[in-house]
Structure formats: structure tokens, C-alpha cells
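S.K.: Shown below is the structure under consideration.
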Amino acid sequence: MKIVVCVKQVASLGDEVEFTSDERDVDPDFLDYALNEWDSYATEEALRLRESSGDGEVVVATVGDEDAEEAMRRALAMGADRGIRVWGDGLAGADPITVARALAEVVRDESPDLVLAGVQSSDAVQAATGTALAELLGLPRVAVVTKIELGDGTATVHRELEGGLLDVVEVDVPCVLTIQTGINEPRYATLRAIKQAEQKPIEEREPGDLGAPAARVRRMFVPPRGEGAEMLDGEPAAIAQRIKEIVEERLR
Amino acid sequence: MSVLVVAEHVRGELRPVTLELVSAARDLGGPVAVAVVAGDPSALVEAVDVEGVDEILTVAVEPDAFETDVVQAAVEALIAEREPDAVLLGFTVDSMGYGPALAAKLGLGFASDVFALRREDGGVVAERSFYGAKVNAEVEFPGHERVVLLVRPTSWAPSAGGGGATVTEVAAPAVQSRARHRDWVEVEAGDVDITTADFLLSVGRGIGDKENLEQFEELAERMGATLSSSRPLVDAGWMPNARQVGQSGKTVKPKVYLALGISGAVQHLAGMKTSGTIVAVNSDPEAAIFNVAHYGAVADLFDVAEELEKLF
Ligand SMILES: Cc1cc2nc3c(=O)[nH]c(=O)nc-3n(C[C@H](O)[C@H](O)[C@H](O)COP(=O)(O)OP(=O)(O)OC[C@H]3O[C@@H](n4cnc5c(N)ncnc54)[C@H](O)[C@@H]3O)c2cc1C
Ligand SMILES: Nc1ncnc2c1ncn2[C@@H]1O[C@H](COP(=O)(O)O)[C@@H](O)[C@H]1O
């Protein structure tokens, strides 16, 4: 069983922010990077499916610059076999449809039995790349999956709806599934595994035709605070005292 | 600017986001059509016939439950026939299953989790956030005459009143469904119903470790609060499903919602932002939860918890 997992290196902001001079993105100096939380669940799920099927391969694919290999190494340290990194013009800050186009070519070349992505990336929250990728590959798909049972030519999966309602779906395989947190407990990579992952191969690829971008950021800005919260200042004791007063007043 | 809204429904009921989409569509000006793709669409016509809707397009499909291939084919056919400038879907689990596919297949402009919309120089400008909702962005769609947008629930007030839209039946295209609905499974009810509590003490990933949970169970009891949490604590198995607040958990509206160590992700806010009084403690002054809180404190939650223990 060969599974491709799409993994993204995501960026998070601390408590300070400055923008690039064209104001279209945050200045990278203000960003920290990590493997997307949803993608670590997707990687874990792929590893478990490989393990229970007895053999096979887990390939992780990412669209990102050289620095993005760090996140992919995390997935390799968890146990994925090899990586593919796609990078080229037009991919910096790309919209999810463009990212899906960049992934489609390399995933197609792998002819996997199953493709997994995360539900969403924590920095962009598009919840779109996996579904767009499925369309470009001509594959069926289910978004927001919390359970997978592989059958013969199909898989029975749980699709988690709003309010926690589960839709039991039978999907033809191969397919693309976007994986929700909580589906499993992602393993920790041991130090030894992290070291070994350094030796695992990462193939570099250039994207084919990306077409026109589906969107472009015109301007990023810090949201206006609106009325905002009334801030409780002072030492923890003073804060706790104010909280007590607020609670007592509101519950009266 | 003509807009096609796709109605959302589950188990025979219209989902509220549909009427919010109508309001969003009205912001763009121009005629608004609402597509109802369902087993018996006529049963939902009355519910979507609200102020601002010019036409209701009904497409009868098998089965009634959402299936990506079925809904996508129906919406594709409507796009080809009606040529709307914008297609508005909810930023919901159903739409996540086909909205991006429409954009990829038809080469349309695309953005999701959109919470503000306007027309500028004939084109659409959408607002959404990035980086843990700490920055917002204006997004444009150069070169696209048509866009698909997934709109954040509760960003617009639902449209109401009105009535009298034209109803047009449209035949469903033949399609082979490759992902088929089989059954529903409901979340098991828990030991408490957090939706009826007056006072929720809600803890997030900021509490760090499972071992720390006990401290907050005790604190909640002292304060007379019911303990609830954000999703990661449920994912990790520290808290039962029934105590999760948010989009995939419970929608709560207590008199007081005290959030400790919760960042304020959009799916969490969806479940608690209409609470009477929201008090948030977070060590990060830029945490998005402060945008919806009435009172906020930038502090270590353990320090504040320790002081609260002395007061209650
Ligand atoms: C389809 C879908 C549905 C979802 N449904 C839900 C849902 O129903 N409910 C839900 O909650 N989430 C839901 N999520 C997940 C959501 O996107 C977030 O991942 C989640 O809400 C984050 O939880 P958190 O705020 O506890 O954790 P984090 O985002 O990790 O935030 C932890 C916060 O704690 C603060 N902190 C850390 N240490 C301290 C300290 N010592 N003192 C004070 N503050 C501290 C940090 O500054 C940070 O702001 C859903 C996601 C998807 C894709
Ligand atoms: N640059 C990328 N490289 C590889 N996979 C990605 C990339 N961006 C998004 N994905 C995948 O798509 C999922 C959803 O991301 P998004 O559509 O950005 O919210 C992620 O969890 C990844 O699995």
C-alpha cells in the first residue's frame, strides 16, 4: 500500500508583527515555523495504515522552499519513507488552488493507493488544498475525516460535521481524505529517528504549469481592535479579584 | 453582480448559514439566486424564500444526504447555465468537500473563511485572516470573472422576512457518486450538558499537561462553574466529547464564559462568541480571543488560577 501525505511547514506569529515592504505578507523575521498540526495526524494515520497492511510506502510531499524541509524531516522522523519537495516561481505565498496544482503532478507520478492531507493549515486556514488536489487528480474525496477502515476497493470513513455529528461514508479507493485532529495520537519521534531522518531521500521537483493564481493578497494588516476587551491590569491577585467581582455581578 | 448561493441542509433541516449567505450576497449587489440541492427540495423552499432572494433553483437529487460528487455536479450545471459572477458557500464541512474542487476544475477565483466582502471596480474584494487570526488580509482575484467564496458562519446577520421569489426546477445531472452516505452516528451524550450552564470555566491547550487538569476541575467546583474545554484537550483524550465548546462541539451561551489558555481559533469562537460576558486570560497579548472577550487579562493562567483558589 502506497500512501502520499501532503505536509506543510506552517508559520506562526509571536506577539509582534511587521509586514514586508509591499504589505502583502508578514516579514519572515517575525515568524516561527513548524509542521502543520493536522499533517502530523495525517502522517500518523498513513503510518498506521501501512503498518496494518503489512508493507508499503509512505511518501510525504510538500510545496515549499529549502527551509520547509525541516517540517518534512519531522514527518520522516515519525517514520515516512521519503520526501518530495516542489518549489519554483509563483509558489511563494500561493493560494491553495495553485498549491494543489503544484502537488497534482508529483502525486500523479507516484500513483498512490491513497492520498492524505490535513483538513487545514493553521497559518492559512483555507481547508481547500486536499479537495482541490482530488479534483485535479480525478479522485473521489472526503473532507474532515476522523476514522478510516480500509475495505476491498473502498474505504469506510467517518466525516465529522458541525456539532460533532458523524456521517459514515463509503468511498471508492484510491481517494483523497483530509484528516482531522483527534483521529489518532501522533507518535513522538525519538532522537535516533530524528537523526536517521536526516539520511532519508528528499527529491526536488519543479512545478509544471500552474495556471493563473486563484487569489492574491492585496494588503495585510493588524485587525482593528474594535471595542475590544477591557483589559484587567495588575498583579495576578488583582486580576483574580476583578474576575471574582465580574462573575458575582453577572450571576446575580 | 449576480450571485449564486448554495443552501445547506442536514437531515431535512436548513442550516442557518444559508440565510447569512443571502445577506452576504446582497452586499455584492445584483440578483441573488439560491440553489436547493436535496432529496425533496420543495420542502426547503419556504425556509430560503427570504428578503433579497430573487430566484430559488431547486434540484432534486438522490440521496438527500450530502454527497460531494452529487452536489458538485449540480452546482457545476447551475454555474454553466446561470453564469453567476460569484458563488457563495458556507465555510462548512460540506462545502470543504466540493467548493475548492469547483474552483480547481473551472479555473475560478477562490478564497475561504471570508468574513467581509465588497465590490471594487467591478471585482470582488474579500477579507480573511492569516497566522492564527492575528492578521487580516484583503484578497483580490485578478483576471477572474467568477469567484467561489466560502463564507465564515455568523459573520452576517441572517436575512429574514421577504418572500415571493421565483421558483425554478432544474434537472439534476447524471453522476456516479464515488463517496456515498451510509449512516449517521451521533456523539454520545455526556454526564453534563454544558449548553445549559450559567457559568463555564473553559480551559485550552494553555494548561499544558493532563496532570494539570485536576486543578481546574477543583477550581471550577469552588467557583460554582461547569468545566468545558477547547478541542485539543478532547483530541488528546483528557476531556470527554460532551465538554467541547466550538463548531464541532457544543454551542454555548452562558452568562459568564471564563477562558483560560484558549487562543480563540475561529472554530472555537463559533461556539461561544455570543456568551453573555466573556473573560479571557492568555499570556499572549495578541491572542485572537481578546477580539471577542469583554474582559481580558494578559497573564499566566496558573498564577491567576492560584489567586482565584484563594478567593473562592
Ligand atoms: C473542522 C474543524 C472543527 C473544529 N472544531 C473545533 C471546536 O469545536 N472547538 C475548538 O476549540 N476547536 C475546534 N477546532 C480546532 C481549532 O482550529 C483550534 O485548533 C483549537 O481551537 C485551538 O485550541 P486552543 O486555543 O486550546 O489551543 P492553542 O491555539 O494552542 O492556544 C493555546 C493558547 O494558550 C495560551 N497559553 C499557553 N500557555 C499559557 C499560560 N501559561 N497562561 C496563559 N495562556 C497560555 C497561548 O498563548 C495560546 O493562545 C476545529 C478545527 C477544524 C478544522
Ligand atoms: N504548501 C503545501 N505543501 C504541501 N501540502 C500542503 C501545502 N499547503 C497545504 N497543504 C495540504 O493541504 C492541507 C490543507 O491546507 P489549507 O488548504 O492551506 O488549509 C494541509 O494540511 C496539507 O496537507
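S.K.: Averaged over its residues, how many other protein chain Cβ atoms are within 10 Å of peptide A:90-96's Cβ atoms?
M.R.: Details: counts 0, 0, 0, 1, 0, 7, 6.
That works out to 2 on average.
S.K.: Once you've got the GNM for chain A with C-alpha springs shorter than 10 Å, pick whichever of A:Asp32, A:Asp233, A:Asp22 has the biggest mean-square fluctuation.
M.R.: Evaluated over chain A, the most mobile residue of the options is A:Asp233.
S.K.: Might you report the magnitude of the Cβ-based charge dipole of the range A:147-202 about its Cα centre, with Lys and Arg at +1 and Asp and Glu at -1, to the nearest 20 debye?
M.R.: Computed about the Cα centre, the dipole is about 560 debye.
S.K.: Also, quick follow-up: Expressed as a rounded percentage, what relative contact order does the range B:194-311 have, with Cα pairs under 8 Å and six or more residues apart? Can you show the working numbers first?
M.R.: Working: 245 pairs, mean separation 29.5, N = 118.
Relative contact order here is 25 percent.
S.K.: Okay, next question. Please list A:50-61, A:141-152, A:91-102 highest first by mean number of surrounding beta-carbon atoms within 10 Å per residue.
M.R.: In descending order of packing, they fall as A:91-102, A:141-152, A:50-61.
S.K.: Straight-line reach from B:Lys255: which lysines have Cα under 21 Å away, leaving out those fewer than 8 places along the same chain?
M.R.: List returned: A:Lys244, B:Lys273.
S.K.: Among B:Thr92, B:Ile79, B:Ala133, which residue has its Cα furthest toward the positive end of the charge dipole of the range B:79-218, with +1 on Lys/Arg Cβ and -1 on Asp/Glu Cβ?
M.R.: Of B:Thr92, B:Ile79, B:Ala133, it is B:Ile79.
S.K.: With a point put 7 Å past each Cα toward its Cβ, work out how far A:Ala92 is from A:Asp152 in nm, to one decimal.
M.R.: Reported label-point gap for A:Ala92 and A:Asp152 is 5.3 nm.
S.K.: Grab the beta carbon distance between B:Ala47 and B:Lys253, set R0 = 25 Å, and tell me the FRET efficiency rounded to 0.05.
M.R.: Working: r = 23 Å, r/R0 = 0.92.
Calculated transfer efficiency: 0.65.
S.K.: Moving on to the next point. Add +1 for every Lys or Arg and -1 for every Asp or Glu among the other residues with Cβ under 13 Å from the Cβ of B:Ala189, and state the total.
M.R.: -2
S.K.: Let me spell out the model: positive unit charges on the Cβ of Lys and Arg, negative unit charges on the Cβ of Asp and Glu, origin at the Cα centre of chain B. What dipole size does that give, in debye rounded to 20?
M.R.: 200 debye
S.K.: With each pseudo-label sitting 7 Å past Cα toward Cβ, what's the A:Glu70-A:Ser111 distance in nm, one decimal?
M.R.: Here the answer is 3.8 nm between the modelled labels.
S.K.: If you don't mind, there's one more thing I want to ask. Sorted by average packing, counted as other Cβ atoms within 10 angstrom per residue and highest first, what order do B:173-181, B:85-93 take?
M.R.: Packing order, densest peptide first, comes out as B:85-93, B:173-181.
S.K.: Right, another one. Nearest 500 deg cm²/dmol is fine: what mean residue ellipticity at 222 nm does chain B get from its DSSP H runs of n ≥ 4 alone, each adding -39,500 (n - 2.57), divided by its residue count?
M.R.: Dividing the helical sum by the residues of chain B leaves -6500 deg cm²/dmol.
S.K.: Count the net charge of all other residues whose Cβ sits under 13 Å from the Cβ of A:Glu45, scoring Lys and Arg as +1 and Asp and Glu as -1.
M.R.: My count for the surroundings of A:Glu45 gives -1.
S.K.: Pulled fully out, how much extra length does the chain show between A:Arg192 and A:Ala238, if you take 0.36 nm times their separation in residues and subtract their Cα-Cα distance? Intermediate results must be reported in sequence, preceding the final value.
M.R.: Details: separation 46, 0.36 × 46 = 16.56 nm, distance 4.76 nm.
Stretched fully, the A:Arg192-A:Ala238 segment lengthens by 11.8 nm.
S.K.: Putting +1 on Lys and Arg Cβ atoms and -1 on Asp and Glu Cβ atoms, find which of B:Ser23, B:Pro142, B:Ile56 reaches farthest to the positive end of the dipole of chain B.
M.R.: The residue sitting most towards the positive pole is B:Pro142.
S.K.: Also, quick follow-up: Can you tell me how much longer the chain between B:Asp40 and B:Ala174 gets when fully stretched, taken as 0.36 nm per residue apart minus their C-alpha distance, in nm with one decimal?
M.R.: Working: separation 134, 0.36 × 134 = 48.24 nm, distance 1.69 nm.
The span from B:Asp40 to B:Ala174 would gain 46.5 nm if fully extended.
S.K.: For peptide A:32-42, compute the average count of partner chain beta-carbon atoms within 10 Å of each residue's beta-carbon. Don't skip to the answer; put the middle values down first.
M.R.: Working: counts 0, 0, 0, 0, 0, 2, 0, 0, 0, 1, 0.
Per residue, the average neighbour count from other chains is 0.
S.K.: Per-residue Cβ counts within 10 Å, from other chains only, averaged over A:9-15: what number is that? Spell out each step's value before the answer.
M.R.: Details: counts 0, 2, 3, 3, 8, 3, 7.
That average works out to 4.
S.K.: In nm, to one decimal, how far is the A:Arg250 label point from the A:Asp22 one, both placed 7 Å along Cα→Cβ?
M.R.: 4.4 nm
S.K.: Output the 0 to 90 degree angle, nearest 10, between the alpha-carbon long axis of helix A:236-251 and the longest principal axis computed from the alpha carbons of chain A.
M.R.: Result, in degrees: 90.
S.K.: Quick one: which of B:303-310, A:70-77 comes out on top by average Cβ neighbours within 10 Å, and what's the full order, highest first?
M.R.: Result, highest mean Cβ count within 10 Å first: A:70-77, B:303-310.
S.K.: If you don't mind, another one. Give the separation of the Cα centroids, the range B:1-48 to the range A:105-158, in Å.
M.R.: After rounding, the separation between the Cα centres reads 28 Å.
No lab work stands behind these numbers, since they all come straight from the coordinates. Quick caveat: nothing in here was measured; it's all calculated off a predicted structure. All Cβ positions, even for glycine, are placed from backbone atoms using ideal geometry, and neighbour counts span all protein chains on display.
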